[in-house]
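The values are calculated or read from the model by the stated rules, or taken from the named source; none is laboratory data. Because the structure is a prediction, the values reported are computed rather than measured. Note: ideal-geometry Cβ built from the backbone for every residue, glycine included; neighbour counts use all protein chains shown. To get the accessible areas, we keep the full protein, side chains included, count just its heavy atoms, and leave off ligands, DNA and RNA. Shrake-Rupley method; radii C 1.70, N 1.55, O 1.52, S 1.80 Å.
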Amino acid sequence: MSKKKGLSLEEKRTRMMEIFFESKDVFQLKDIEKIAPKTKGISPMTVKDVLQSLVDDSMVDCERVGTSNYYWAFPSKALNTRKHKLEELQKQTSEAKQRKESLHKAVEKAKVGRQDTKERSSLLKELQALREERTQLLEELEKYRECDPEVIQEMKTSNVVAKEAVSRWTDNVFAIKSWTKKKFSFDDSRINKAFGIPEDFDYMD
């Protein structure tokens, strides 16, 4: 017998909204965690995440009173939310159609003067040759980039910053070792083994 497939996130969200719509009541998280698994088959481990996703999408309202959070959602708000979403999608669709029409006109306009001719074909070949030459020059330039004074200076600056960072962390390690020695009376070798510190660990020259 095949294993029963679990609910998808969207199915869980829909079922959880039913809890609010059917009861028209206000709940705490603990209430939802009891009701959702029993009446809607939502896994107890996922109740909190599903509820938070609905709050994040403004489908469920949440208000903190004292030390507790209270959750509610009414059908009227959900209807208005869906209506607003539909209007937004319709607006986006309209804008997309306008952009498509504008681009179509631009393409048609751009075609003018681009008919295949010997002169245009020759210019396109020349353009392609120039592009290939530019690519080759950039590749050649990249080979000598390591000799660029600015690059060398950047590397020197980066090395100084990195060395300072290493020194700070080395200070931290020695400080922890010193504290451990005082606190637990451990010797160096025992501390090094416990924390995976190499025996030759020391400051960089």
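Using Cα positions and a limit of under 16 Å, work out the lysines in reach of Lys181, with same-chain residues fewer than 8 apart set aside.
Lys193
Just want to confirm a number: the relative contact order over the chain, from Cα pairs under 8 angstrom separated by 6+ residues, in percent.
Taking the mean separation of contacting Cα pairs over the length of the chain, I get 12 percent.
Can you list the HN-Hα couplings for the range 5-20, worked out from phi with the Karplus curve (6.51, -1.76, 1.60; θ = phi - 60°), rounded to whole Hz and with x for Gly and Pro?
Each residue of the range 5-20 in turn: 6, x, 6, 6, 4, 5, 5, 5, 4, 4, 5, 5, 5, 4, 4, 5 Hz.
If I histogram all Cα-Cα distances within the chain using bins 5 Å wide from 0, what percent of pairs lands in each bin?
Bin by bin from 0 Å, the calculated values are 1, 5, 7, 7, 6, 4, 4, 4, 6, 9, 12, 12, 10, 7, 3, 1, 1, 0.
Report ³J(HN,Hα) in whole Hz for each residue of the range 119-129, in order, from the Karplus equation J = 6.51 cos²θ - 1.76 cosθ + 1.60 where θ = phi - 60°; Gly and Pro get x.
Values per residue, Gly and Pro as x: 5, 5, 4, 5, 5, 5, 5, 5, 4, 4, 5 Hz.
Suppose we flag chymotrypsin sites (Phe, Trp or Tyr not before Pro) only when DSSP calls them loop and at most 14 other Cβ atoms lie within 10 Å. Which is the longest uninterrupted stretch of the chain?
1-143
Excluding ligands and nucleic acids, what accessible area in Å² is computed for Lys177 using a 1.4 Å probe, to the nearest 10?
20 Å²
So how much accessible area does Thr135 have, in Å² to the nearest 10, using a 1.4 Å probe?
Result for Thr135: roughly 70 Å² accessible.
In a solvent-free Debye calculation with one equal scatterer on each Cα, what is log10 I(q)/I(0) for the range 6-127 at q = 0.16, 0.21 Å⁻¹, listed in the order of the q values?
The Debye formula, applied to the Cα set alone, gives -0.84, -1.13.
Compute, for Met17, the solvent-accessible surface of its heavy atoms (probe 1.4 Å) with the complete set of protein chains present, and express it in square angstrom to the nearest 10.
Approximately 10 Å² of Met17 is accessible to the 1.4 Å probe.
If you plug each phi of the range 54-70 into the Karplus form 6.51 cos²θ - 1.76 cosθ + 1.60 with θ = phi - 60°, what whole-Hz ³J(HN,Hα) values come out, in order, with x for Gly and Pro?
Once θ is set to phi - 60°, the couplings for the range 54-70 become 6, 5, 4, 8, 6, 8, 10, 8, 9, 9, 8, 10, x, 9, 10, 9, 10 Hz.
May I ask you to list the lysines whose Cα is less than 29 Å away from that of Lys143, ignoring any residue fewer than eight positions away on the same chain?
Counting by Cα, and skipping residues close in sequence, Lys143 has these lysines nearby: Lys125, Lys156, Lys163.
For the chain, build the charge dipole from Cβ charges (+1 Lys, Arg; -1 Asp, Glu) around the Cα centre, then report which of Phe74, Gln153, Ala96 sits farthest towards its positive end.
Toward the positive end, the furthest listed residue is Phe74.
Run down the lysines and flag those whose C-alpha is under 20 Å from the C-alpha of Lys109, throwing out any fewer than 8 positions away in its chain.
Leaving aside lysines fewer than 8 places away in the same chain, those within reach of Lys109 are Lys97, Lys100.
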